[in-house]
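Undergrad: Following this message is one structure expressed as structure tokens.
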Amino acid sequence: MNSRIVIILFFCFLRLNAQEKKYPQKSDKLNRCSTVEHEAYLQKKYPQRMTNAGFENWLNPLVEKFKKKRSESGGIITIPVVVHVVHNGAVAGTAPNIDDQQVESQIEVLNNDFRKIIGTPGYNLNPVGVDTQIQFALAKVDQKGNPTNGIDRVYYNHDTWTMDEIEEVLKPQTVWNPSEYLNMWTVAFSDSSLLGYAQFPDANGLPGLDASGGLGTTDGVVSNYTYFGSRLIYPNGIYADVQYDKGRTMTHEVGHWFGLRHIWGDASCGDDYCADTPTAHAANYDCPAVVNCDNTGNEMVENYMDYTDDSCMNIFTQNQKDRMIVIINNADRRKTLKASIKNSPILLVSNDAEIKIEKVFVGITNKCTNDPRKITLTNRGTNDIKTASVNYNFNSSASKLMEWNGILKSNESVSFNIPETGLVGDVLNVEILNINGVSDGRISNNTDAVTIVNAVNPESFPYDEVSLKLQLDNKGSEITWNLTDSSGDVLLSGGPYEDNNPLLIEQSWQTKDGDCYTFTINDTGGDGLCCADGEGYFQIGTNDQLITNGGSFESNLVSSFAIEFLDDKIYLEQNPVHDTLVFVYGKNVGNMAHCEIFDISGKKIREFPAVKNAYKNEDVFDLQAGLYVLKVTTELKSKTVKFIKE
């Protein structure tokens, strides 16, 4: 074996997977709400963020003070809302790109519930049920002062989202100013059992409290797209079931966003700090009759802050209202929303098109080249758009023209690709020249620009010589394959072969540092290397397999990987580590190595040998959780790397 490689991006991928475990999942029920888990995640990530107890110690005196002057609380509060509908290229109305009417139905549900509107499912006759005097309206003005319908359709070349991806990528890249808008996101969660979660209020800047870590970039509520909106109001939407299809997931999560706790206080008979919600034993599902912890009556399973079915919920109490109004009046970012006028319409013009360059998701993929960037054209005027002329260029080079024809009604959008990908670091510029054959009536939304990044980072593997094993099935005449490098040059290829002669094809090639390779296999029979034609497979690798497939593809399969030589680095296969520390070091470090592990104080914990050019597996299950240093010493040099033991 020659020089080894390091898998930096693959390592980052493993870190994200490890972080995902911070969000426990319920095995027997849908995960109705992960707000509590999300708050624990934020407190761990930002130690200066107030604890739950600290938050309550600040809030409760303010609530008590407010109760004494409740009659002076003021009138109706309207919160401007932007809904970021996140999708992967599907047209509006196709999952997960829910249509405008489904979004609008959710806003209607929020108003019915928070305002206790007579004649709607949000009305109740409970003596403590109240109109919170809080209502919601889709924004009419975007962050740049241009018209909007409050629905921000966000394209990413990414199918499903983990919570870490939402918090670290999606929210920061798409959030509108949270001091002027309540941000909502609808997504396809990677954990399909999760319905939604919210970010609790931030008391940054309030007396006696430290800063929270600058979480304005993540402030808002998130929903699985199938639980956003109401089937009762808009039956043509995309909904998961009839249990949680009436919009109460967002009512519940917006309650959290205003500082409300679950009615059981997230502990057995815990405190939700609202005296008029009977103390509950735990979360309730369906719509049961359950005696409360004090044996004075039933638990308030109809409360929006329980986990019951959407059809069961219809109550916010007076004390919950008190708590929300205090948050609106005092909490950072909430207190400015009362004065926001982003829901007030501005003058529309006849011919007005908006252009936007869509996002890309940077991460590990199964290919080696970037896709062309998408741009979205949206009609923000009163006339239909039938034609549009758009210029684009890279780095202010000569512009190239694209023409679009069709029908776009007000607030409708269409997306299409820029014909070229550009190079990493290039600046892509786009500009609307005219629409409907005339100048655009509003130029402030006619341009956009973005720097091209390397959005596709295929997994890298530790080999500079790689072999291919291809076991044919009995239909060799249907099989062809090739292996290409990053320039598109074909390095190896084969097929078609004879039928009823299931050969084992074996070939190998030398890789290049930093290059990317793509293996493509085709089957004209459409059933891969399996089934009625016999059992075939392919493997790419050396001692360890890089890519393997038992033949279960259809007409074709494309797999890519990149090479980056390790040289004088130490590569940890996974960090943090659990029971086993797995590492390899490059050829320039030296040959036979002496390895040592030190704790953070510098105390040597253990030592052991390692052989050059072989993975070393060292059991560390007995180490306590914490930060350690691995030191590898050869006849040439010493190298160190830190690792975390979980």
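The values are calculated or read from the model by the stated rules, or taken from the named source; none is laboratory data. Computed from a prediction, not measured in an experiment: that's the story for all the values here. Glycine also receives a Cβ, built like all others from the backbone with ideal geometry; neighbour counts cover every protein chain displayed. Heavy atoms of the whole protein, side chains included, go into the accessibility calculation; ligands, DNA and RNA do not. Shrake-Rupley method; radii C 1.70, N 1.55, O 1.52, S 1.80 Å.
Undergrad: Students often check this: by mean Cβ neighbours within 10 Å, which of 505-517, 139-151 ranks highest, and how do the rest follow?
TA: Result, highest mean Cβ count within 10 Å first: 139-151, 505-517.
Undergrad: Over region 230-280, what lengths in whole Å, largest first, do the semi-axes of the equivalent ellipsoid take, defined as the square roots of 5 times the eigenvalues of the alpha-carbon gyration tensor?
TA: 29, 11, 9
Undergrad: Among all the aspartates and glutamates, which ones have a C-alpha under 18 Å from Lys409's C-alpha, if same-chain residues fewer than 8 places away are not counted?
TA: Within reach: Asp99, Asp100, Glu104, Asp152, Asp352, Glu354, Asp384, Asp440.
Undergrad: Further question on the same structure: When ranked by the protection proxy of mean other Cβ atoms within 10 Å per residue, highest first, what sequence do the peptides 300-311, 549-560 form?
TA: Ranking the peptides 300-311, 549-560 by packing returns 300-311, 549-560.
Undergrad: With every protein chain kept in place and ligands, DNA and RNA left out, what is the accessible area per residue of region 370-436? Probe 1.4 Å, answer in Å².
TA: That works out to 48 Å² per residue.
Undergrad: Under 20 Å Cα to Cα from Lys642, which aspartates and glutamates show up? Leave out anything in the same chain fewer than 8 places away.
TA: By straight Cα distance, Lys642 reaches Asp567, Asp568, Glu573, Asp579, Glu596, Asp599, Glu607, Glu618, Asp619, Asp622.
Undergrad: Hey, can you rank 376-388, 336-348 by average C-beta count inside 10 Å, highest first?
TA: Ranking the peptides 376-388, 336-348 by packing returns 376-388, 336-348.
Undergrad: On a 27 Å Cα-Cα criterion, which of the cross-link pairs Lys356/Lys512; Lys616/Lys645; Lys171/Lys246; Lys246/Lys321; Lys171/Lys335; Lys367/Lys469 come out too long?
TA: Correct reply: Lys356/Lys512.
Undergrad: Using only C-alpha atoms and all pairs of different ones, pull out the Kirkwood radius for region 245-320 in Å with one decimal.
TA: Final number for the Kirkwood radius of region 245-320 is 12.1 Å.
Undergrad: Give me the net charge for the shell around Ser105: Cβ to Cβ below 13 angstrom, other residues only, Lys and Arg +1, Asp and Glu -1.
TA: -4
Undergrad: Over region 314-381, with a single point scatterer placed on each C-alpha, what log10 of the ratio I(q)/I(0) does the Debye formula yield at q = 0.21, 0.25 1/Å?
TA: -0.93, -1.12
Undergrad: Please compute the Cα-Cα pair-distance distribution of region 380-477 with 10 Å bins starting at 0, giving whole percents from short to long.
TA: 12, 32, 20, 13, 12, 10, 1
Undergrad: Whole angstrom only: what separates the Cα centroid of region 407-421 from the Cα centroid of region 286-336?
TA: 43
Undergrad: Let me know the whole percent of all Cα-Cα pairs from region 406-557 that are separated by more than 20 Å.
TA: Every Cα pair in region 406-557 considered, those over 20 Å come to 63 percent.
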